[in-house]
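Below is one structure. I have some questions about it.
Each reported figure results from applying straightforward, stated rules to the coordinates on display, with no laboratory input. This is a predicted model, so every value here is computed, not measured. Virtual Cβ from ideal backbone geometry, glycine too; neighbours counted across all protein chains shown.
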Amino acid sequence: MSTLPLLPPNEKPKLIGIARLAAQGESIREGHNIEYFTLPTRSLLNRVVSNRSLPFTWAINPYRGCEFACKYCYARYTHEFMEMTDLDFERKIFVKQHAADLLRHELKKVKRGEEIAIGTATDPYQPAERRYEITRAILEEFARHRGLELGIVTKSNLVVRDAALLREIGQHNRRFVNVTITTVSPDLARILEPRAPRPDLRLDAVRQLNLAGVDAGVICAPVLPGITDAPSDLEALVQAAANARAKAIFANPLFLKPCSASVFLPFLEKEFPHLVASYRERYEQHAFLPPEYGKRLSQLMVRLRAKHGIRNEYDRYARRAHPVTASVDEEQLSLFQRSSLSV
Ligand code: SF4
């Protein structure tokens, strides 16, 4: 087994913390230009620290990095901590070691009512999971406990593999599965989320989970101005979610921090050159769009849910995006009545 090569010593003379642990990881396997490494792990359950109001207290990410390679992915910053590049995030996948054992001890920290989100900075059902089954081991541990509140976020229909286990967990805990779908167009999804399962496969996963007695909904995030935010496109998604018996559907707009902009803007130049100027204008000074955009989006989703009969059950669990984004408070909807979402 080879080890991950260290960066030139004259550039980074000393690696510390997670960067040092990553450098100690052993290469497990290589294929499709993706390399997998072990990651010695001290802690699995991370308390979420954010100045934004988030619906969960704890986060678990079974892997570090994500092979799905979404162009807008905000979680690329997690590889920066390991002294790696934005693109390494989708090519060097780290597999957390002894996850279930760690979790067993760390669950003592969780107080009643505190929610645990699985998959806030990586997809817990990305291809690595077929082989390493870290997420499954974590769920098996959860099945031994009572009174927990769990939310899973994924773009993968592999989650259906664990339907029976999720049902078992649900006997003594609350849990909700959020499947992220940004568009029903397979062609658009292919360029936005190159290695994630097709939207119809994700919708089928929502259907299968709900039929199996595991509550599942859809997160439409991020909504991309000028690309996926046409009301007719969003309605097609809500309708498809309703057909898949989704228990909830939410939408959140794109936010663009420097780590994601460095991948997303070149992608935009290649695929949507006519939008580059407006994106630069919108995101140059602020990572988030003006609140009015989010309010119009929320208002549209309220109307679409009502029209297609989605009641947003398990509202609290459904208020997640993947990766973590700001949630929009529908109680504060204003009376924007524009037919377009354009800012
Ligand atoms: S957005 Fe989610 S699924 Fe896509 S690359 Fe990032 S972590 Fe993976």
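Per q in 0.30 1/Å, what log10 I(q)/I(0) does a Debye calculation on the alpha-carbon atoms of region 33-95 return?
Debye curve over Cα of region 33-95, log10 I(q)/I(0) at q = 0.30 Å⁻¹: -1.30.
Another question, if that's okay. Whole percent per 5 Å bin, from 0 to the bin with the longest distance: what is P(r) over all C-alpha pairs of region 247-301?
4, 17, 24, 21, 16, 12, 4, 1
Arrange E168, E149, E292 by Cβ neighbour counts within 10 Å, fewest through most, would you?
On the way: E168 17, E149 21, E292 13.
Fewest to most other Cβ atoms nearby, the residues stand as E292, E168, E149.
Could you pull out every one of the lysines with an alpha carbon less than 16 Å from that of K307, ignoring same-chain neighbours closer than 8 positions?
Result set, ordered by chain and number: K247.
Taking region 116-271 as the region of interest, what is the percent of Cα-Cα pairs per 10 angstrom bin, listed from the shortest bin to the one with the maximum distance?
11, 39, 33, 15, 2
What is the packing order of peptides 298-304, 108-114, taking the mean over residues of other C-beta atoms within 10 Å and listing the highest first?
Output ranking for 298-304, 108-114: 298-304, 108-114.
Let me ask you something else. With N residues in region 181-275, what two-decimal value do you get for its Cα radius of gyration over 2.2 N^0.38 Å? Each step should come with its number before you reach the end.
Values: Rg = 14.2 Å, N = 95, 2.2 N^0.38 = 12.4 Å.
Scaled against compact globular proteins, the figure is 1.14.
Can you order the peptides 70-76, 82-88, 222-228, 283-289 by their average number of other Cβ atoms within 10 Å per residue, highest first?
So the peptides 70-76, 82-88, 222-228, 283-289, ranked by packing, come out 70-76, 222-228, 82-88, 283-289.
Viscosity 1.567 mPa s, temperature 4 °C: Stokes-Einstein D of region 134-219 from its Kirkwood Cα radius, in µm² per second?
D = 98 µm²/s.
Under 27 Å between alpha carbons: how many lysine pairs meet that in region 78-155, if sequence neighbours fewer than 8 apart on the same chain are excluded?
So the count works out to 5.
At each listed q (0.11, 0.18, 0.22 Å⁻¹), what is the log10 of I(q)/I(0) that the Debye formula gives for region 81-204 modelled as equal alpha-carbon point scatterers?
-0.43, -1.05, -1.36
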